[in-house]
Amino acid sequence: MNAEFWNERYGTNPSVYGGEPNAFLKACEGMLPASGRALLPGDGQGRNGLWLATKGLRPLCNDLSAIALEQVAAKAAARSLPVEIAPGDILEIPLANNAFAFSACVHFHLPSGVRERAHARIVAALAPGGIVILEAYAKGHKSMRQTHGSVGGPPDEDMMFSTEILRSDFAALEPLYIEEMELVVEEGAFHRGLGRVVRAIFQKA
């Protein structure tokens, strides 16, 4: 899934994954810092970043799709929200160490070798005391797609996570919460139906 794939997907629908923030992220509102920068890798059309901006944070929305981030910039400008955009690969965009008070990694799926490096970059960018909130499809989700129809998620099992994978990737952080579960996902046309996800909250010492 490259930039061309995502540009085509986001260019044909102004709200591919719905307009509301991810349900788990929204449920964790009480854990958000009062201010500071927020890092959102793979934020697509900005539903999570724009919501965080309304909560007093200054999000940096990253995505492979320049088309999606143009949409984010337009929405932010229309609402006078302090949103930065960073098109490109999370491994290549400029990211200062210890610069972000918060990061939301919502369905940010990558192949295993790339995923490990991307998560390490997110950990390095997080300031002491910073929080990472993550939700992604878990190993075993592919079989649920086959059973329950168009639930969404990456086609390759290697791009899905587990609690063990996340504990390893974020070993430098303190795990505040981590759990795999089945739930009904309702996020636009492409994430809809019963799926298996992993959710986690980590904090940097």
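Scanning segment 118-153 for residues that are modelled with pLDDT of 95 or more, open to solvent by less than 10 Å² (accessible area, probe 1.4 Å), outside any helix (DSSP H, G or I) and not aliphatic (A, V, I, L, M) yields Gly130, Glu135. Does any residue in segment 173-195 that is β-branched (Val, Ile, Thr) come within less than 6 Å, Cβ to Cβ, of a residue that is in a strand (DSSP E or B) six or more places away or on a different chain, and which pairs are these? Qualifying pairs under 6 Å: Ile178/Ala200; Val184/Leu194; Val185/His191; Val185/Gly195.
Do the conditions hold for Ala200, that is, is it assigned to a strand (DSSP E or B), touching a Ser or Thr at 6+ places or on another chain (Cβ under 8 Å), open to solvent by less than 30 Å² (accessible area, probe 1.4 Å) and closer than 20 Å to Tyr17 by Cβ?
Numbers: assigned to a strand (DSSP E or B): yes; touching a Ser or Thr at 6+ places or on another chain (Cβ under 8 Å): yes; open to solvent by less than 30 Å² (accessible area, probe 1.4 Å): yes; closer than 20 Å to Tyr17 by Cβ: yes.
Spelling it out, Ala200 is indeed assigned to a strand (DSSP E or B), touching a Ser or Thr at 6+ places or on another chain (Cβ under 8 Å), open to solvent by less than 30 Å² (accessible area, probe 1.4 Å) and closer than 20 Å to Tyr17 by Cβ.
Among the residues making up segment 98-113, those that are more than 20 Å from Ser168 (Cα to Cα) and within 16 Å of the chain's Cα centre (by Cα) are Phe100, Ala101. Scanning segment 26-75 for residues that are out of contact with any Phe, Trp or Tyr (no Cβ under 6 Å at 6 or more places or on another chain) and among the basic types (Lys, Arg), we see that the one that is nearest to Asn2 (Cα to Cα) is Arg47. Give just the number: which of (1) within 15 Å of the chain's Cα centre (by Cα); (2) assigned to a loop (DSSP other than H, G, I, E, B) does Leu95 not satisfy? With (1) within 15 Å of the chain's Cα centre (by Cα); (2) assigned to a loop (DSSP other than H, G, I, E, B) applied to Leu95, the lone miss is (1). Just to be sure before I move on: is Leu91 out of contact with any strand residue (DSSP E or B) (no Cβ under 8 Å at 6 or more places or on another chain) and closer than 19 Å to Asn22 by Cα in the structure I sent? The answer is no for Leu91. Please tell me if Ala99 is touching a residue at least 40 places away in the same chain (Cβ under 8 Å) and over 16 Å from Phe202 (Cβ atoms). In short, yes. Looking across segment 154-197, just one residue is at pLDDT 95 or above, part of a loop (DSSP other than H, G, I, E, B), surrounded by fewer than 20 Cβ atoms within 10 Å (Cβ to Cβ) and within 18 Å of the chain's Cα centre (by Cα), and that is Ser162.
The values are calculated or read from the model by the stated rules, or taken from the named source; none is laboratory data. None of the values given here were measured: they were computed from a predicted structure. Heads up, the Cβs are rebuilt from the backbone with ideal geometry, glycines too, and the neighbour counts pull from every protein chain shown. Just the protein is used for accessible areas: all its heavy atoms, side chains included, with ligands, DNA and RNA removed. Shrake-Rupley method; radii C 1.70, N 1.55, O 1.52, S 1.80 Å.
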